[in-house]
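Peer 1: Below is one structure. I have some questions about it.
The values are calculated or read from the model by the stated rules, or taken from the named source; none is laboratory data. None of these values were measured; they are calculated from a predicted model. Don't worry about glycine lacking a Cβ; one is built from the backbone with ideal geometry, like all the others, and counts go over all protein chains shown. Just the protein is used for accessible areas: all its heavy atoms, side chains included, with ligands, DNA and RNA removed. Shrake-Rupley method; radii C 1.70, N 1.55, O 1.52, S 1.80 Å.
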Amino acid sequence: QEGKLGFDTTVDRFFPDFPRGREITIEHLLTHTSGVIDMLWLEPVFLSPTKAWTPEELIRMAGAKPLSFAPGTEQKYSNTGYLMLAQISEMVSGQGFEEQIRENFISKLGMESLVVGRDQTVVPRLACGYSISDDSGLILPIMMGIGMAKGAGSLVASAGDVVRLVNLDRMLENNFLDTRPLAPLKLANGTIAQATSKIGHGECTQSYLAGGTLLIFNDPEITLVGQV
């Protein structure tokens, strides 16, 4: 919106040594179509999930792995792409990620609880996430560091502030739902990027868009945009 980046801006401008950086665009990172490996599946990270990995370490390790597919030809979720986007936003704006969150979201949207998660920071009344076990129902998951999820899920907020966060009409000139077609992402080769899974007695089709996830349920017929 500020004219500092375009969907077709390539990542070699910011990461000159990143393999095939001239082929990977901002849009590829946003839509999980870059082919860059998800940093959570890097063996060192998988074996040491609580280590305070730096963005530079994670991006370097991801860049040392072959792309899962040619940029723009498939869609596969990758947290690394959003870590790279957070780093790019710092380079372009000259502001740190936390500073941008405070200035662009907390201040403008009147949030009272939103913070950028840090692994050693005590957050009052923080609710813990749970996993599901086939044997015993809800279980506590193995903890992972939240700090390395910079740009990819490191924000912590109350339910009220989450509503404010997704209500971006006070920040953007155009509503997110009006900027792109409300339909599954179409790749450059014409293929539709989507995955279908069983939900109860129905099905849900999922496709990652630039800034949200499109969810289409068939029973009942409901179309939602959210984050997955």
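Peer 1: Using the Cα gyration tensor of region 113-228, with a ≥ b ≥ c the square roots of its eigenvalues, what is the shape: rounded (a/c below 1.5), prolate (a/b larger than b/c) or oblate (neither)? Can you show the working numbers first?
Peer 2: Details: a/c = 1.99, a/b = 1.27, b/c = 1.57.
The shape class here is oblate.
Peer 1: Now, a different point. Give the relative contact order (percent, whole number) for the chain; include only Cα pairs under 8 Å separated by 6+ residues.
Peer 2: Values: 316 pairs, mean separation 38.0, N = 228.
17 percent.
Peer 1: Give the distance, in whole Å, between the Cα centre of region 51-84 and the Cα centre of region 90-127.
Peer 2: After rounding, the separation between the Cα centres reads 23 Å.
Peer 1: Which order do Tyr130, Tyr82, Tyr208, Tyr77 take when ranked by solvent-accessible area (1.4 Å probe, heavy atoms of all protein chains), largest first? If you can, show how the numbers build up before the last one.
Peer 2: On the way: Tyr130 140, Tyr82 55, Tyr208 30, Tyr77 80 Å².
Of Tyr130, Tyr82, Tyr208, Tyr77, the descending order of accessible area is Tyr130, Tyr77, Tyr82, Tyr208.
Peer 1: Something else about it: Which one, Ala210, Leu177, Ala193, is farthest towards the positive end of the dipole of region 143-214 when Lys and Arg carry +1 and Asp and Glu -1 on their Cβ?
Peer 2: Ala193
Peer 1: Taking the Cα centre of region 71-158 as origin, work out the dipole magnitude from +1 charges on Lys and Arg Cβ and -1 charges on Asp and Glu Cβ, in debye rounded to 20. If you can, show how the numbers build up before the last one.
Peer 2: Numbers: 6 positive and 9 negative charges, 32 e Å.
Computed charge dipole of region 71-158: roughly 160 debye.
Peer 1: Once every Cα of region 1-119 carries one equal point scatterer and solvent is ignored, give the base-10 log of I(q)/I(0) from the Debye formula at q = 0.19, 0.23 Å⁻¹, two decimals.
Peer 2: Reported log10 I(q)/I(0), two decimals: -1.09, -1.34.
Peer 1: Count charges around Pro55 for me, please; just the other residues with Cβ under 11 Å from its Cβ, Lys/Arg as +1, Asp/Glu as -1.
Peer 2: Details: positive: Arg60, Lys150; negative: Glu56, Glu57, Glu90.
For residues surrounding Pro55, the net value is -1.
Peer 1: Let me ask you something else. Could you tally the net charge around Phe14, taking each other residue with its Cβ under 13 Å from the Cβ of Phe14, Lys/Arg +1 and Asp/Glu -1? Let's see the in-between values first.
Peer 2: Values: positive: Lys4, Arg13, Arg22; negative: Asp12, Asp17, Glu56, Glu90.
Summing Lys/Arg as +1 and Asp/Glu as -1 gives -1.
Peer 1: Can you sort Glu173, Glu56 by 1.4 Å-probe accessible area, starting with the largest? Walk me through the numbers on the way to the answer.
Peer 2: On the way: Glu173 145, Glu56 105 Å².
Per-residue accessible area, sorted high to low, gives Glu173, Glu56.
Peer 1: I've got another one for you. Rule-of-thumb check for the chain: C-alpha Rg over 2.2 N^0.38 Å? List each step's numbers first, then the result.
Peer 2: Working: Rg = 18.3 Å, N = 228, 2.2 N^0.38 = 17.3 Å.
Scaled against compact globular proteins, the figure is 1.05.
Peer 1: Report the semi-axes of the equivalent ellipsoid for region 42-112 in whole Å, largest first, where each axis is √(5λ) for an eigenvalue λ of the Cα gyration tensor. Display every interim value, and only then the final one.
Peer 2: Numbers: eigenvalues 150, 55, 29 Å².
For region 42-112, the semi-axes come out at 27, 17, 12 Å.
Peer 1: Whenever you get a sec, line up Met143, Met61 from highest to lowest accessible area (probe 1.4 Å, protein heavy atoms).
Peer 2: Details: Met143 115, Met61 45 Å².
Final ranking, largest accessible area leading: Met143, Met61.
Peer 1: Still on this structure, I have one more. Let me know the shape class of region 6-67, please: from the alpha-carbon gyration tensor, a ≥ b ≥ c as square roots of the eigenvalues, rounded when a/c is under 1.5, otherwise prolate if a/b is greater than b/c, or oblate. Write out the running numbers ahead of the final one.
Peer 2: Numbers: a/c = 2.21, a/b = 1.95, b/c = 1.13.
Here region 6-67 falls in the prolate category.
Peer 1: Contour minus end-to-end for Lys198 and Glu112, with contour as 0.36 nm per residue of separation and end-to-end as the Cα-Cα distance? Don't skip to the answer; put the middle values down first.
Peer 2: Working: separation 86, 0.36 × 86 = 30.96 nm, distance 3.76 nm.
Answer, rounded to one decimal: 27.2 nm.
Peer 1: Using only the Cα atoms of region 119-159, build the gyration tensor, take square roots of its eigenvalues as a ≥ b ≥ c, and label the shape rounded, prolate or oblate: rounded if a/c is under 1.5, else prolate if a/b is larger than b/c, else oblate.
Peer 2: Working: a/c = 2.23, a/b = 1.71, b/c = 1.30.
Prolate, because a/c is 1.5 or more and a/b exceeds b/c.
Peer 1: Under 19 Å between alpha carbons, and skipping anything fewer than 8 positions from Lys65 in its own chain: which aspartates and glutamates qualify?
Peer 2: Asp12, Asp17, Glu23, Asp38, Glu43, Glu56, Glu57, Glu74
Peer 1: What is the magnitude of the charge dipole of the chain about its Cα centre, with +1 placed on the Cβ of each Lys and Arg, -1 on the Cβ of each Asp and Glu, and no other charges, expressed in debye to the nearest 20?
Peer 2: Values: 18 positive and 26 negative charges, 40 e Å.
Rounded to the nearest 20 debye, it is 200 debye.
Peer 1: Can I ask one more? For region 101-218, what is the charge dipole size about the Cα centre, in debye to the nearest 20, if Lys and Arg each add +1 at the Cβ and Asp and Glu each add -1 at the Cβ?
Peer 2: Values: 10 positive and 10 negative charges, 50 e Å.
The calculated dipole for region 101-218 is roughly 240 debye.
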